[in-house]
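Data block below; observations after.
The values are calculated or read from the model by the stated rules, or taken from the named source; none is laboratory data. Worth saying up front: this structure is predicted, and the values here are computed from it rather than measured. Counting neighbours? That spans all protein chains shown, and the Cβs are built from the backbone with ideal geometry, glycine included.
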Amino acid sequence: MAGSAFGELLRDCRLLAGWTQDELADRSGVSAHSISVLEAGRRRPRLSSVARLADALDLDPFRREQLISAARTAQAPARSAAPPKAEEGPRTSSLCQLPYDTRLFTGRARELDQLLALARSAPAGSAAGMVVISAIDGMGGVGKSALAVRAAHRARAHFPDGQLFVDLHGHTAGTAPLTANEALDWLLRSLGVPPHQIPNDLSTRATLYRERLADTRTLIVLDNAASAAQVRPLLPGTPGCLVLITSRKRLTSLDDAHTLTVDVLPVADAVALLHEGAGAGRVPAGHPAAAELVGLCGNLPLAIRIAAARLRHSRSLRIESLVEQLRDQHQRLDHLADEDRSPAAVFGTSFAALTGPEQDLFRLLGRFPGQDFDAYAAGNLLGTDHLTAERLLESLLDHNLLVQRDPGRYRFHDLIGLYARTMAEHQDVEAEHDLPLQRLADYYQHTAAQANQHLARRNRPGRPAAPEAPAAVPVLADRADALAWMRTEHQNILAFVGHPAAAARASLTIALSMDLAAFLLLDGRWAQAASLHQSAATAAAQDGDRLGEADALCDLGRARHATGDYGAASHLYEQALLIHQELGDRHGQANDLHELGRIRLLTGETQEAGYLHERALEIFRALGDHLGEARTLCDLGRTRHSSGDSSAAVDLTRQVLAIYRTLGDRRGEAAALHDLAYILDEMGDRTSAGELYGQAMTIYRDLGSAQGLANVLRGLGRVRHALGDHQGSADLHQQSLDACREVGSRQGEADSLRGLGRAHQALGDHRAAADLYQQALTIYRDLGSRPGETIALLELGTLTSSTDGPRAALPLYQQALQLARGARNPLDEAKALDGAARCALALGDHEEALTGLRQAVALYRRLGSPATADAASRLATLEGAAGN
C-alpha cells in the first residue's frame, strides 16, 4: 500500500528528530492516535495534517516535498503491493563483508530505529544531496560495533550493491591505526579493482573509490575510527550510500554526519544481557544479585558479557560469589577479564590515544576524592588556568573517557574511574610531597572562605587567613553565586575532608568546617554538618588548637540544635564556652551564650534564656559587633514574647530592624520584618502582619532570595488561615512549597507541606491533608529534625482523631510526647499530653485523661501559653465530674 510508504517516511522523519509520537502530537496538533495509524499505513493522510506535521518537524524543503509527495501517492488508488521491509531479509547482493551478528544483543531499540530510519532515507541522500553518514561514538566496551553490525544486517535489503566493512584499528592494542591510504587499498580491492590498478597516492585512490561507488546503493561500515581525518577520504561522493562509523572519539568535524552517542545499558537491558550471556537457568529470574552485578559492571556491555561468560563456563561459581569478588574496588578490573577481553585493556588503548597533557590530567583526576568535578578543580590539580583545564576536559569528553550529565560538570564512568585510580596509585606519590592535592586543598579552602563571606551571619575574629588565590578560581560576586558554588561543591569538599591528604592537615579540616558551617545549616544538611564539625573538633583537639576546637564544638552544637537534640546542643555550647573563657576569647563567649540562650528558650527555661541573651548582648555591644547585637536582640525578643511580654518583643524586634537598616544589611532587614510580622500575627494584628510580610517580600524579591520569599509566603499563608481564607492559605503555601523545592530546601519543603496540610484540613479535604502531613513527617525524619517530626505528629494526631477516631490518634500523640520529652521541649510536651488526654477521655479512660491534662496545664501555665485557659477549663470540668 502507498500509505505504508508514507507512514514509513513519516516515522523516519519523527525518529530523526528524536521525538515520540506523543511529542509530535503536542507540537503539531495532530492526535497521537492519528499519527500512530498514519505511520502504520492504516489511514490515507490528509494534506492539511501532513502540512502541520511537516511544520512541527521543521523539515527542510527537500524532505517536506518528499513527505507531501508520498502523501499524495498514498491518496491515489493502490496499484501494487509495497516492497518488502528491510527487516524481511536481504535481497541478493554482490558483496557482503559484515561480521556475524552476535546473539548477545539486548536493548538499543531507540538507537536501532534511528539507524534504520537513516538507512531507508539513504537512497535519496541527505537534505543537501549528500551521502548519509552516521557517526556512532561511545566509551570503549559500550557496544558501538555490535550496534552498527546489527543495524547493517537489518538494513542489507536497502543496499543491493554490497556491504563493505573495514576495521580502522583506531583503538586496537598492539596495532597501529590504518592510514586512509591503507583503508582505501582494502576497500578498492573489495570493490574488484586489481591491485596493479590501484593508484599509490591518497587523492587518486580516493577519486577512484568515489567513482566505483557512484550511483550505487552500498553500505559502508567504518569500525573503530581514530579520527575524522582518517575517515574523510573513505566517504563516497554521491547519494545512495550509507556510511556507519564507530569511534570512541566524537568526530565533531564531520559536519554532515548524524551523530549518535551510545551510553551504557539501562538496568533492565543490562540484566537481560546477563541472563542471555550466562545461559538458560544460570541466573534465576528475579535474583536480587543480578541487578547488583550489572551495577558493579557499570552497566557496560563488555564487562557484563565477561561476567556472564564466567558464570556460563564455571558452573561452580555462584552469582553471589562473583558479586562478592566485584565489590572489592581494588580487584574489580582484575576479575572482569578473560583470555582476550578486558575493560582495563580497552581503557588502556583509549588512554594511549591521548596527548601528554591529557594523560597527565586523566591520571590526576584518578586521585580526585569526590564524584564530579569542573574546570576549576581540574585546573588546580594540574596547576593551570581553568580555560586550559576546560579544553583538556572537553577533549577527554570527546574521547568518551569522561561523562557529562550537567553542563560544566564532568565525572568518570565507574569502571573508567577505577582504571584512572589504578593508574594514579602506580605513581606512588608521598603525601607530604603531593603538590596536586595540596593545590586542590588550597583551592577549596580559599573558595569556601570567599563563599562563606556571603553566607555567614556571625563574625569570627581571629580565624586563620585563607590561602592566596589559586591559579583557577571562580568569581563569587554575591550570595546567589556563593550558594550555587556551595551546593555544587560541598559533597566534594566533604569527601576531601575524609581523604588522607586532609587528615594530615588538621588546620584544613578546621578551616573547611568553619566555612561550610553556615551553608550546611542553611541548606538543612544537618547530619553532614554534625559529621564535619565532629571531625574538626577531634582534629583540633589532637593538634592542640583550642580555639579551633571551641569553634567546632559550637558549630556542632548548632547542628544538634537544628535536629532537635537540645540536650546534646546545650552540653556542646557549655564545653565551647569553657574553652573560650579559658582563652579569654570574648567573641567566642558571646556566640556561645547566645546559642545557649536559644536552647534554654526551646526547653522552656525562659528566665534563664533571657539572662543568657542579656549577657551575650552586653559583650557584643562592648565589642562593637552590631551583627551579633542584632541577632541577640532578635532572640531576646522571642524570649519576651514566649514569656507573655509581646509588647517588649515588638520593641526589641524594631531595634533589630533599625540596626540592620543602619548597617545596610537588606537581608537582615527582611528577616527582622518577617520576625516582627510573625509576632504581630500571633498577637492578633493580622493587618500589620500582612503589611510587614509584604515589605519583607519586596526586599527578598530585590535580592533574588527564593528561600526568603518562601518563608514570607508561608507567613502570609498563616495570616490567611487565621482570617478564615483557607483557599488563599493553600495557594500561598503551595507557592512556598514550589519555591522550596526549586532551591532544594528540604526543611522549608516540610514546613510548607504542613501549612498546606492545615489549609486542606480546614477545607474539608482530609485525605489530602493526611497525605501532606505524612510527606512532611517523612522529610523531617530524613533530616533528623525532632521538632519538625513532633509538630507533624501532633497535627496528624489532631486530624486522625477527627477522621479515624481517638484509638488511631493516640499512638501519634504518644510518639510526639516521647520526642518532646527527649528534646526537653515543654510546649510540645504539653500539646502532646493534651492531645493524648482528649483521646483517653473519648476512650473512657478518665483517670488517664485526668493525669495527662493536669500535666499539660502545669506546663502551659509555666510557659505562659495562651492555651492555658482552655486546658484549665477542661481540667476543672473533668475534675468536677470525677468528684461527683
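Side notes on the structure shown:
- Selection from the stretch 631-660 of residues that are part of a helix (DSSP H, G or I) and polar (S, T, N, Q): T632, T639, S642, S646, S647, T653, Q655
- Cβ separations smaller than 7 Å between residues 6+ apart or across chains give the following pairs from the stretch 302-324 residues that are part of a helix (DSSP H, G or I) to residues that are exposed (fewer than 13 other Cβ atoms within 10 Å of the Cβ): I306/D338; A309/D338.
- Filter result for G835 (surrounded by fewer than 22 Cβ atoms within 10 Å (Cβ to Cβ) and either more than 20 Å from R767 (Cβ to Cβ) or at pLDDT 95 or above (or both)): no
- Failed condition for A157, given (1) of a type in the set (A, V, I, L, M); (2) closer than 11 Å to T218 by Cα; (3) under 40 Å from the mean Cα position of the chain (by Cα): (3)
- The condition (being part of a helix (DSSP H, G or I), crowded, with 16+ Cβ neighbours inside 10 Å and in contact (Cβ under 8 Å) with a residue 60 or more places away in the chain) is satisfied by just one residue among G298, G379, G370: G379.
- In the stretch 521-538, the residues that are small (G, A, S) and in a helix (DSSP H, G or I): A527, A529, A530, S531, S535, A536, A537
- Selection over the stretch 272-295 of residues that are within 27 Å of M139 (Cα to Cα) and either under 26 Å from the mean Cα position of the chain (by Cα) or not in a loop (DSSP other than H, G, I, E, B) (or both) gives a count of 14.
- Residues of the stretch 493-536 that turn out to be touching a Leu at 6+ places or on another chain (Cβ under 9 Å), surrounded by fewer than 22 Cβ atoms within 10 Å (Cβ to Cβ) and under 19 Å from G588 (Cβ atoms), as a count: 1
- Subset of the stretch 218-237 (residues that are crowded, with 18+ Cβ neighbours inside 10 Å and either small (G, A, S) or in a loop (DSSP other than H, G, I, E, B) (or both)): T218, A225, A226, A228, L235, P236
- Checking I198, I133 one by one, the residue that is under 41 Å from the mean Cα position of the chain (by Cα), among the β-branched types (V, I, T) and outside the structural domain of V403 (by TED's automatic domain parsing) is I133 and no other.
- When the criteria are applied in full, V264 meets the requirement of being crowded, with 20+ Cβ neighbours inside 10 Å and of a type in the set (V, I, T).
- Note on the stretch 539-563: residues that are in a helix (DSSP H, G or I) and within 28 Å of P787 (Cα to Cα) amount to 14.
- Complete set of residues in the stretch 661-670 that are in a helix (DSSP H, G or I) and either within 18 Å of L709 (Cβ to Cβ) or free of Cβ contacts under 8 Å to residues at least 24 places away in the same chain (or both): R661, R666, R667, G668, E669, A670
- For the stretch 766-797, a residue qualifies if it is surrounded by fewer than 19 Cβ atoms within 10 Å (Cβ to Cβ) and out of contact with any Ser or Thr (no Cβ under 9 Å at 6 or more places or on another chain), and the qualifying residues are A768, D771, Q774, Q775, T778, R781, D782.
- A count restricted to the stretch 191-217 and to residues that are of a type in the set (S, T, Y) and crowded, with 16+ Cβ neighbours inside 10 Å stands at 2.
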